Structure formats: structure tokens, C-alpha cells
1. Condition first: in a loop (DSSP other than H, G, I, E, B) and without any contact (Cβ under 8 Å) to a residue 60 or more places away in the chain. Now tell me which residues in region 1-30 satisfy that.
2. Criterion first (in contact with a helix residue (DSSP H, G or I) (Cβ under 9 Å, 6 or more places away or on another chain), modelled with pLDDT under 90 and of a type in the set (Val, Ile, Thr)) does THR95 satisfy it?
3. Can you say whether THR19 is outside the structural domain of LEU5 (by TED's automatic domain parsing), exposed (fewer than 13 other Cβ atoms within 10 Å of the Cβ) and among the hydroxyl-bearing types (Ser, Thr, Tyr), as far as the supplied structure shows?
4. Here are some residues: ILE7, ILE40, ILE62. Which one is touching a helix residue (DSSP H, G or I) at 6+ places or on another chain (Cβ under 8 Å) and among the hydrophobic types (A, V, I, L, M, F, W, C)?
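The values are calculated or read from the model by the stated rules, or taken from the named source; none is laboratory data. This is a predicted model, so every value here is computed, not measured. In this analysis, Cβ positions are derived from the backbone assuming ideal geometry, glycine residues included, and neighbour counts consider all displayed protein chains.
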Amino acid sequence: MVFVLIISYYFLLKVLDTTCLFKYVFGIMCPTCGSTRALISLLKLDFHAYASYNIMALPILIAIFIAVHPKLFKQKFWKVIVIIIAIIAFAYYLTTNIF
């Protein structure tokens, strides 16, 4: 599995000359573009840089954590949280990158 990921990343980086397939195909940033840099900036307590990269990086990370570990939360409550975060992240993405 790791080998396939390495080959895929190499293909994206070297052959297509891109690191984001979404941006390569559609010509616009994906909803998670800048998330890694944003979270690193947040760990460094650089809130300005965090907000400039992708302000939805932390809520998306929280939603992913909740979705992966649903047993830590009440039965249906975790689904509501994940859906709300997804809707907010998608709305933010549309307002900042599309319109």
C-alpha cells in the first residue's frame, strides 16, 4: 500500500508536474489546499499564517478524527458534528475559491 502511494505521488510530482491532482484537473484549489501548512503554523502558534493558509484545516481535522473514532462519541451525535463541519467547510470553500 505504501509503495502504491509513493509511486502515485512520484507520478503526480514528476510526470504531471503537480502535487494536487484536483488543482491539475480543475484549475482551482481543492478544499484542503494549504491544510498541512496551516496546521504546522497552528502548532507554532502563528495564527496569522494559519488563517492565511486554510482556516478550515482544524475543523476538517476534527471531523476526520470524529469520523474515524465514532465509538468515542454518542451514537448519532458524531454524525451530526461531522455533517455540520463538512457543510461549513464546503460553504467556506465556495465563498473563498469559487465565487
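1. Selection gives MET1, LEU16, ASP17, THR18, THR19, CYS20, GLY27, CYS30.
2. It is false that THR95 is in contact with a helix residue (DSSP H, G or I) (Cβ under 9 Å, 6 or more places away or on another chain), modelled with pLDDT under 90 and of a type in the set (Val, Ile, Thr).
3. no
4. Testing whether each residue is touching a helix residue (DSSP H, G or I) at 6+ places or on another chain (Cβ under 8 Å) and among the hydrophobic types (A, V, I, L, M, F, W, C) leaves just ILE62.
Quick grid of which residues meet (1) surrounded by 14 or more Cβ atoms within 10 Å (Cβ to Cβ); (2) over 24 Å from VAL80 (Cα atoms):
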residue	(1), (2)
PHE3	no, yes
ILE7	no, yes
LYS23	no, yes
GLY27	no, yes
PRO31	yes, no
ALA38	yes, yes
SER41	yes, yes
TYR50	yes, yes
ASN54	yes, no
